[in-house]
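Data block below; observations after.
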């Protein structure tokens, strides 16, 4: 069997690959769960992106954020669909908001909540632009509420458990 050492792969590149695999796997399995609205997801794959943003690794966190969306959509058969465009746009905008927020004196839970909120609102804007119909105020309220709640939950999960994954990766 050929191991990564045989290809002179840097440990940092291998760690980024593992982060991408974790983010895609979490996003993929979460995508298999039926939901009443596209924005009603926990967004567990974003915990990996959040982690790298907080470490100041903006370039790799961007690659993982975009890779997570693309690979998950590819595996779920949603690559050229409005759902992909909504997810891609939401991920891009929430990434930008989380990077900016990470440079402010905010805690991880607030940064994550802002990311979830931005993701959902961006998805609604894309939905409006794609299909041109008015969006029900209840839908906007739900998107804001669930985005903030799901982002907050991700922030708590990150705070509680992500250091365990990071320790495992650094020992490779």
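The values are calculated or read from the model by the stated rules, or taken from the named source; none is laboratory data. Keep in mind the model is a prediction, meaning the values are calculated, not measured. Reconstructed Cβ throughout: ideal geometry from the backbone, glycine too, with neighbour counts over all protein chains shown.
List of remarks:
- Residue 164 being under 18 Å from residue 50 (Cα atoms) and not in a helix (DSSP H, G or I): no
- Residue within region 10-20 that is part of a helix (DSSP H, G or I), modelled with pLDDT under 85 and closer than 23 Å to residue 160 by Cβ present: yes
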